[in-house]
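A.B. asks: Can you keep this structure in mind? I'll have questions shortly.
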Amino acid sequence: MLGLWVLLWGSLALRGRADTAFLRRAHDSAGHCTYSFTVASPVEAACPEAAGGVPELRAELAALAARLGRLETRERAMGGSGPRGADPGGPREPQQVASAVRLEAAYGELLRAKARLEEEKGRLEREKEELGRRLESSAQEITRLRAARCPPGRDAPGRDSLRAPGKVRGAGPAPAQPVPDPTAAPRWEPQPLAFQELQSERTEVPVSRLLEETALGRPGGADSGCGELVWVGEPVVFGRADSIAGKYGVWMKDPEPVAPFTRDTTWRVDAVGTEVRQLFQYEEAEQLARGYPAKVHILPRPLESTGAVIYRGGLFFQPRHSRSVARYDLRGETVTAEREIPGAGYHGQYPYSWGGYTDIDLAVDETGLWVIYSTESARGAIVLSKLDPETLEIRRTWETNIRKRGVANSFLICGTLYTVSSYSAPNATINFAYDTATGASRALSIPFENRFRYLSMLDYNPSERQLFAWDSFNMVTYPVRLSQA
């Protein structure tokens, strides 16, 4: 811009004052273009402009300046920044370039955000369609289950296995239990309670069969004394876990409950995980079958494996990574006692054959609370100890000759330890018995069915005379028969 003004001024000077000055333009020694003015005399009497000078020169200069201003304004409006003859796409001011770069970056970010939102929208629409299909499938399954109600004159699946002891039931394996479908939905809709109250049932039982049950000490008989195990019936599925955390676990009832709990109160622990703390409480077994707990207890310490039991208002369990046994009071919701089992192996030292850190297993029978384990001095053989249920003090200990790793699980009935041969074979057996009264063991061959091929928990309930088991997501019961005492 300065060069343009110099050129204009020089041309005017040459044209209006040619007799006194002239302009020369040439290259200097460095190659730069230089401008020089030459005047006729270095001294003049007075400047013509100061004395009034040439007014036409001033007017022409002002007109040229105004025209130049209009040209610059028009050039800026058209997007340029140089003179009229300059290229409109030429270089811009630094501030304009920076602004353009920022705008382009912001526009690109907006495009990327739009693409992400469209992708998220597509994913949500796919999830919505999948959820709709699942809801439709669930609705169809519920409709099918409601339509296929239980036939008249028969109880719902699993109801017979948990009936109150006062009711008469058929003995022995003669009446085949209905085999539930393992692929069926884990929850079923029961009949309304009002309808059940009006429903009646009549079952004829031969006198000889009733006398046989009474003599064998089955529930409902006059003689409920102890005896030796002679028969285990087919498993009856009462519920199914609906998540991977329930592949193996514990479910149980208290044979000697403490108010406000009853013999119908059912308990469950899903034992898969590193921090197993949830104890689910159900008012009755039917509520467990539907899958809706009445309360969830959070244990102050995580338990390990599937050896826990409920007895006299307390949960007895092995705290994780320890050889101790603890009592959690179900009413006060606190740990009231804890005691170490001397020398007991733990966390994989002496488990059952299926593993699962089943080194310490608790059990209950007609005589009280037991703990089943092994020690280094016993060289892996099963050791039994009778515990005080309040203080967990060991009252007496027995060492057997049954290898703990060689059996799948064990339980006690009337002071006798019974073991299962396999946790996965469909046709397993009750293969050994150890009598704590005599200190003698003997081989057995009582058929035992692993219907779902992964038996991880097995406990005896003396008040119901049934075995409670967890078999690969399924909570099942086994009816048992004892010989005459």
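A.B. asks: For segment 229-482, take the alpha-carbon Rg, divide it by the Kirkwood Rh, and send me Rg/Rh.
C.D. replies: Ratio value, two decimals: 0.92.
A.B. asks: Give the cross-link partners of LYS386 among the lysines, using a straight C-alpha distance below 26 Å as the criterion and excluding same-chain residues fewer than 8 apart.
C.D. replies: List returned: LYS253, LYS404.
A.B. asks: Another one. When Lys and Arg each count +1 and Asp and Glu each count -1, what net charge do the other residues less than 14 Å away from ASP459, Cβ to Cβ, add up to?
C.D. replies: -3
A.B. asks: Among GLN466, TYR311, VAL258, whose Cα sits farthest toward the positive end of the charge dipole of segment 229-482 (+1 at Cβ of Lys/Arg, -1 at Cβ of Asp/Glu, about the Cα centre)?
C.D. replies: The Cα lying farthest towards the positive end belongs to GLN466.
A.B. asks: What FRET efficiency do you get for GLN96 and GLU338 if R0 is 51 Å and r is their Cβ-Cβ distance, rounded to the nearest 0.05?
C.D. replies: With a Förster radius of 51 Å, E is 0.05.
A.B. asks: Mind grabbing the accessible area of SER322 for me, 1.4 Å probe, Å², rounded to tens?
C.D. replies: Roughly 20 Å² of SER322 is accessible to a 1.4 Å probe.
A.B. asks: Just add up the charged neighbours of HIS297: K/R +1, D/E -1, any other residue whose Cβ is under 10 Å from the Cβ of HIS297.
C.D. replies: Its environment carries a net charge of +1.
A.B. asks: What is the distance in Å between the Cα centres of segment 337-386 and segment 99-145?
C.D. replies: Computed from Cα coordinates, the inter-centre distance equals 53 Å.
A.B. asks: Considering the dipole of segment 229-482 built from charges on the beta carbon (Lys and Arg +1, Asp and Glu -1) around the Cα centre, which of THR438, TYR248, VAL407 is farthest to its positive end?
C.D. replies: VAL407
A.B. asks: Let me ask something else about it. Shape call for segment 333-485 from the C-alpha gyration tensor, a ≥ b ≥ c root eigenvalues: rounded (a/c under 1.5), prolate (a/b greater than b/c) or oblate?
C.D. replies: rounded
A.B. asks: If R₀ is 51 angstrom, what is the calculated FRET efficiency for the pair LYS128 and LEU71, using the beta carbon separation as r and rounding to 0.05?
C.D. replies: For R0 = 51 Å, the calculated efficiency reads 0.20.
A.B. asks: Assigning unit charges at the beta carbon (Lys, Arg +1; Asp, Glu -1) and nothing else, what dipole magnitude in debye, to the nearest 20, does segment 229-482 show about its Cα centre?
C.D. replies: On the way: 27 positive and 29 negative charges, 97 e Å.
Approximately 460 debye in magnitude.
The values are calculated or read from the model by the stated rules, or taken from the named source; none is laboratory data. The structure displayed is predicted, hence computed values, not measured ones. Here Cβ is always computed from backbone atoms with ideal geometry, including for glycine, and neighbour counts include all displayed protein chains. Protein only, heavy atoms only, side chains kept; ligands, DNA and RNA dropped before computing areas. Shrake-Rupley method; radii C 1.70, N 1.55, O 1.52, S 1.80 Å.
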